[in-house]
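Some notes on the structure that comes next.
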Amino acid sequence: MGSLKRKSSWSSKTLAKSKKRKGPHLPNSILKMIATHKRPLNSDDNEIDSDVDLYEYEEGIPEEESRKNNRYDRIDNYEFKLPDDFEDEDVESEDDEDGLNSEYDGDDDRHARMLQVLTGMPSAAFNSENKSKPLLFTEPYPEGEFNPTRDVLSGKNILTEEDFLAPLEEYHKTSKQISRMRKDTYNSLVHPPLPKPDRERLERKTARGLVDEEFSKWVHLVKRNREAPTVYFSQEVVNLGKSTVGAIASEFQPRTEFEMRMASVLNDNEVSEAHREDGARLLELNQASSLSMEDHIKDYNHIAKMRSLLFNHERKSKQIKKIKSKLYHRLKNKGLRNSALGALMDPEMAKEEAMKQEARRVEERMTFKHKNRGKWAKRMVRRGLNVKYNGTGEAITEQLQINAELSRKINSLRDGSSSDEEELSDGSDQDTPYKLLAKAKEKTLRALEDDEVCNSGLMSLPFMVRAMKKKNEEANEEAKRAVEEYEEWENSGGAVKPKKTISVSGRRVFGATEAPKESKKDSDNFYDNNSDSDIDDNDLEGVRDTASPARRNTGTTTETEVTRDEGGEDSESEAEQMVDGIFEVPSQAELINRAFAGDDVVGEFEKEKQEVLNQEVPEPEKPVLLPGWGQPWPTNKRGYHQIKTTRKEEDAQRKREEALKTRKDFRLKHVIISEKVDKKAEKLHTTTPPFPFTSKEVFEHSMRMPIGPEFNPSTVVGDLNRPEVVKKTGVIIKPVKFEEVNPNEEVDDEHPRNHQKPRLDKKTSRRQSKVK
Amino acid sequence: MEVALEDNSLMDKVLPPDEQEIDVELEAKEKKYLRGEGANLETLKDKKLKTQLASREKLYGKSAKAAAKIEKWLLPASAGYLETDGLEKTWRVKQTDIAKEVDILSSRNQYDIVLPDFGPYKLDFTASGRHMLAGGRKGHLALVDMMSMNLIKEIQVRETVRDVAFLHNDQFFAAAQKKYSYIYARDGTELHCLKERGPVARLRFLKNHFLLASVNKIGQLHYQDVTYGDMVASIRTGKGRTDVMEVNPYNGVVALGHSGGTVTMWKPTSQAPLVQMQCHPGPVSSLAFHPNGHLMATSGKERKLKIWDLRKFEEVLGDSSGDYSRYMSHSMVKGYQIEKVMFRPYEDVLGIGHSMGWSSVLIPGSGEPNFDSWVANPFETTKQRREKEVHLLLDKLPPETIMLDPSKIGAMRPSRRKERLTRGEIEAEKEVAVEAAKGVELKKKTKGRNKPSKRTKKKKELVENAKRTFPEQENSAAGKKRRIGEDAAAELPACLKRFARKN
């Protein structure tokens, strides 16, 4: 029994040890045993036991819990602490012993009680065996040199010499065995577990090592996917089934009875033919089985009748469409006439139209049809009915309007025709110079002949008479000369072209012009070219005026000079060679400089630039202070107040200068570059570089190349514009699979591989930890 | 003297393939197509971005290389030029001399059309150079197919015609007439009368933006969108009448030459000129732009021609050094008044509109020898034209994209000094706001809630609110310096603020 107990105590001790680490779950029976048992004399055990007891005692576990604990399989609790085989063995044995112990305990108790009842003596008297056993003492300090165990102190278990020498006798024999045992014990020795934080740290460390190792395999794969410009999902061809309704329908097989019947009808040749040709036949087919021959004929007749009716109706409606009222036609004709659109399109039609119009005009002229001279109109006017009734008034005014229109057209037509005639005559003159000359001669002669001068009013004054006479004489002379010239030309056979045509060219001619009148006449024709150019000149002059008053004075001279230059433009050197000793002609450049010296264009520009600068970089505001106000009595020598420029103002001034310096046009005197911010164009810029970019330079450099098909060869456009992820709709994207990747492999965009986006996340890491 | 006009034959010297790769010429072309250097990726911390940008750069390089190769092998025609022997000057070469040397097709382009009756002619070509529009001052409008020299349509508008301009293709053209300008269809039908502009002096069409720009007699610049007819902008230039107007083909900026010798550049979204340049002491007589938009040529009434670099706004000093010297000269018949000179696109032809009709002369090297049928196709079929029209409309640019440097679109907004309002202006604005708040008519509420006390209270509140929007002077004077990032954060909606980058 004693040996049994020892064993149990040992097991309890080990258990307690484990318990201590694991928590408060100790079986109740063991607790009891610990409390009652006498400890074995082994000092080592004792020490540990005492430790355990101390701990356990403090723990104070509720009974239910411990009992509840009994229900569970203990192996689970110890799985981390001890090697499996050891645990299992121990726990099993312990279990057995537990049961035994409790039995023994119960027996002892009963026996003691029985003895007590029988003898009437206290139970302690019968406990001789128990007495011999040492009581359990708990040691507050660990055993050591200065703290010997109780046994030693009480002198019971003192070591003798024999104890020391006994093993030496067998030394040689057993040394081998001992060493082997030692080895065994060393191997089988179970060290106490480390403190929890350390253990966990270790655990984490090893786990991390394992996980890292596992993950480092993925790094290249992840890197590749991450740096790939495009990630392709599901490269392999996947059959997604039917894509269209037609494809689905084509493979349809009738299965149910209803479907069979439908199919038989649908595939029936006769039905389909009927469907294609005539809807009525389809109906017949439907009823064919139920109808008799008679009914059939009847139906047929009925249909024929209906058809003929329909046809007749259509024909009639067509006829009716053609019939229109008189009013309609009148309006239509009027519209056509008014629009005269057709006339524009076709010359023949235009001619016809013109004839008609002319006829109408003639008629109007002859009959005064629209002048309200008719009986009805006269009556209306006389009776004042046109005032009374709106309609009549309108009618009368309309008539008048038509008349006015027609008559006005007549007038204008006359004008036009007359001018045409003149033009024609002018034109024909060129063709036949003889005629022209004759005419001119005739005209001049006539002018010579009628020298009538009105002799009344202002013209009768003597000086006016004299002036007129002089003029007349001059004119006569000129006319005579002209006549002579005409005669000469006539004699020469019209070879010489009339002078008029010479002045057609656009070249400016300065100085005395021969026939200013004629040239004016030329430009007086129906293009108002002249007036236009007049406006031009005026406008230009206006501009010049605003530009500089000095310019106006020089204006005329410059022009003449310029034109003179043009005259001799073919050879500049020639002009310079013509220098006479007396009159020195300045050089071309000098002349030009002089010509444009009048207006201070450069100065004006500078002024303008200053204005723009002031506008864009405004001058700092001056303090609104009057001298002497808000300041102490003068301290400077002269006794005057001076407004000192504060530091703020100086700063502002300096800032302005800096701003001016940073402008693009700071060094360019002749240029103003506006630096106004265009708000509308601001949306074309970004304020911050877009996400992956952090620096402006890199972003802008990456933007320098256009990537569109207009700017790149088609071989590269696809690569440049491929989206980040390429996938097929409807294809399931599987999680990334491990594959060996060569870390030194270059990303090759031309031969895209089937790589998937990394899904390296919690899932995989969790798996790793589990494996560990 | 030799003349090489649009040498269409392939280069006779073909390099072996390994030498092709290291062709210097090819490299230069590649560089051109790379459009500048890539960013320095070493500074980037974000590895993902770094590799992605690197791969992108690689693609760009590939694209540039392909483009360079295409240019080299598929666009073999090079621009023609005049070559002279020894001391002979190119500008001594006359059209008759050229005619002897060139092929028949090219020599066909030397002609004079004599139309003495309808005054000096304005010319305009379509972008492909296939069609020409001639507008005589005295109302003669003629649309000519230059390939077949067919007269497509000729109309007489019986009015002064000051300028003519094609719209996006040969189907429509605009004419500035005496009082209004009009838009005509190809068959001479009048489609629109543009009354709003007044008497227009010059008309130009901005083909990327579909804007018809015009300057009228009183110096007003108008931009009208021809797709939906809206007047996009009307700007008073304030510089007086001008009839010198050109469009910079690179960025769509309109340049006007003025009587004071200044050239001003305009865009529709601002009332002030983008640039003003003092170019000449006298009035500016004409203007022209290089197709790449970097160069501008101006001429003044003082008989000087100047060439300007528009990137620096400085005069190019090539006049004396020989970069820009006289190339060719062509003397007109005495008395011809030249109205308009215009190069025909994709041909070495210069059209000259003058008072006696128009002439066409050969200027070797003036035209781009390789036409891109996606840009402008002289041999366009009807279907292609229609397709093109739709594409053009889809690619139409909004008017605000007209700016001096359009390559900056999409880049970061240029940092700007915040224009702080002056104290007086703030006060004035505040006053206006307060007045507006006082003037607000309150709704008539139900009986209990319409008490005078409540109404006055409400009104006071409104005024206070109005005042609150204007910060106190002292606070603003203190000048809280906000960082750029914060500025950006302030602009974001509240929910996105947390994503704003902290600098």
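Taken together, the values in this text are just the output of simple stated rules run on the coordinates, not laboratory data. This structure is a prediction, so every number in the text was calculated from the model and none was measured. In this analysis, Cβ positions are derived from the backbone assuming ideal geometry, glycine residues included, and neighbour counts consider all displayed protein chains.
Each pair of Cα atoms in the range B:296-390 enters the Kirkwood radius, and Stokes-Einstein at 20 °C and 1.002 mPa s then converts it into a translational diffusion coefficient of 129 µm²/s.
Using 0.36 nm per residue and subtracting the Cα-Cα separation, the extra length available between A:HIS329 and A:PHE311 on full extension is 3.6 nm. Here the peptides B:276-288, B:297-309, A:173-185 are ranked by packing, the mean other Cβ count within 10 Å, and the order with the highest first is B:276-288, B:297-309, A:173-185. Among A:TRP489, B:TRP374, B:TRP73, the order by Cβ neighbours within 10 angstrom, fewest to most, reads B:TRP374, B:TRP73, A:TRP489.
Would the range B:192-258 count as rounded, prolate or oblate if I go by the C-alpha gyration tensor, calling it rounded below 1.5 in a/c and otherwise prolate when a/b exceeds b/c, oblate otherwise? Taking the square roots of the gyration eigenvalues as a ≥ b ≥ c, the range B:192-258 is oblate.
A cut-off of 5 Å between modelled amide H atoms, ignoring neighbours fewer than 5 places along the same chain, links A:TYR232 with A:VAL726, A:HIS755. Remark on B:ILE152: its backbone amide H falls under 5 Å from those of B:LEU143, B:VAL144, B:ASP145, a criterion applied only to residues 5 or more positions apart or on other chains, H modelled at 1.01 Å from N.
Cβ-Cβ distance of A:LYS321 and A:ALA395, R₀ of 41 Å, FRET efficiency by 1/(1 + (r/R0)^6): the value works out to about 0.80. Going by neighbour counts of Cβ atoms within 10 Å, the residues B:HIS258, A:HIS685 line up, fewest first, as A:HIS685, B:HIS258. Take each residue in B:401-409, count the other chain C-beta atoms within 10 Å of its C-beta, and the mean is 3. Shielding of peptide B:102-114 by partners, expressed as the average count of other chain Cβ atoms within 10 Å per residue Cβ, is 0.
Residue by residue along B:253-265, Cβ atoms of other protein chains within 10 Å of the local Cβ number 3 on average. Using the alpha carbons alone, the radius of gyration of the range B:218-370 stands to its Kirkwood radius in an Rg to Rh ratio of 0.98. Annotation: amide H of B:ASP163 within the under-5 Å range of B:ALA176, sequence separation 5 or more or interchain, hydrogens built in the peptide plane. If every alpha-carbon in chain B counts as one equal scatterer, what log10 I(q)/I(0) does Debye give at q = 0.05, 0.08, 0.14 1/Å? Debye output, listed in q order: -0.30, -0.69, -1.54. Taking the Cα centre of each part, how many Å lie between the range A:360-399 and the range B:223-301? Measuring centre to centre over Cα atoms gives 62 Å. A simple spin-label model places the labels of A:GLU200 and A:ASP108 4.1 nm from each other, with each point 7 Å out along Cα-to-Cβ. Would you please classify the overall shape of the range B:69-192 from the alpha carbon gyration tensor, given that a ≥ b ≥ c denote the square roots of the eigenvalues, rounded means a/c under 1.5, and beyond that prolate means a/b larger than b/c while oblate covers the rest? Since a/c reaches 1.5 and a/b is larger than b/c, the shape of the range B:69-192 is classed as prolate.
Each Cα pair under 8 Å and six or more residues apart adds its sequence gap; the mean of these over the residue count of the range B:137-181 is a relative contact order of 30 percent. Ranking of B:GLU347, A:GLU710 by neighbouring Cβ atoms within 10 Å, starting from the fewest: A:GLU710, B:GLU347. Shape of the range B:368-439 from its Cα gyration tensor (a ≥ b ≥ c, root eigenvalues): rounded if a/c is under 1.5, otherwise prolate when a/b > b/c, or oblate? Since a/c reaches 1.5 and a/b is larger than b/c, the shape of the range B:368-439 is classed as prolate.
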